[in-house]
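The values are calculated or read from the model by the stated rules, or taken from the named source; none is laboratory data. The structure presented is a predicted model; accordingly, all values stated were derived computationally and were not measured. In this analysis, Cβ positions are derived from the backbone assuming ideal geometry, glycine residues included, and neighbour counts consider all displayed protein chains. Side chains are part of the model used for accessible areas, which takes the heavy atoms of the whole protein and leaves out ligands, DNA and RNA. Shrake-Rupley method; radii C 1.70, N 1.55, O 1.52, S 1.80 Å.
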Amino acid sequence: MEKILIVDDDAHLRDRLVRAFVSRDFDARGAGSYDEAMAVLEEFAADRAVIDLKMPGRSGLDLARDALALRPDLKVVILTGYGSIATAMEAVRLGAVSYLPKPADVDDILAAFDPEARNASDAPSEIPTPSLARAEWEHINRVLADCGGNISAAARRLNIHRRTLQRKLMKYPPPT
């Protein structure tokens, strides 16, 4: 029986995913934060982990990095409602096998654990062009990641006021 750890600060979503994985014959455990997840990983030899990107305290990227240092054979999928190219690249650089936008169901998550198994026919024949708003969002997040999350430094690089940047970051990412 494969073991999976679900890490999300939203208790409702976390519990729903744990129940769904249990119904598919996984030994599933949940955690709501970085510290709780690391404690669970100490005792629970998970084969897979689904980690939310944005959590109170330390981020899902921090958790992915430290969980993979603790268990190098762990397969990690990052799940987020705040996706950007910069965070996706960082997640993959840290060792995540995939990066999924919310909402995602169990089938999407299971498919993300094995990207090579996806059918080539499932791939779109043409890559959609992102909207101008989406391109701006991704550029801002890439610059912010390059600045180590420092909003003032990112605002200087983008040549915009710090408050303007903060307002833009508070908005949900525009659709692709």
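Numbers below:
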| read-out | value |
| --- | --- |
| For the chain: relative contact order, % (alpha-carbon pairs under 8 angstrom, 6 or more apart) | 16 |
| Over the range 9-91: Rg over Rh, Cα atoms, Kirkwood Rh | 0.94 |
| Förster radius 41 Å - calculated FRET efficiency between ARG167 and GLU42, Cβ distance, rounded to 0.05 | 0.50 |
| Selected from VAL40, VAL143, ALA112, residue furthest toward positive end of dipole (the range 1-149; charges at beta carbon) | VAL143 |
| Charge-dipole axis of the chain as Lys and Arg at +1 and Asp and Glu at -1 on Cβ define it, positive-most pick from LEU100, GLY57, LEU132 | LEU132 |
| Residue-normalised accessible area of the range 61-110, given per residue in Å² at a 1.4 Å probe | 46 |
| Label corresponding to percent of Cα pairs over 30 Å apart when calculated from the structure given, among [x] 23; [y] 37; [z] 14 | [x] |
| With every protein chain in place, the chain: carbon and sulfur % of accessible area (1.4 Å) | 52 |
| Cross-link reach list, aspartates and glutamates versus LYS168, counting only Cα pairs under 13 Å and skipping chain neighbours closer than eight places | GLU136, GLU138 |
| Net dipole in debye of the chain [+1 Lys, Arg Cβ; -1 Asp, Glu Cβ; about Cα centre; nearest 20] | 1080 |
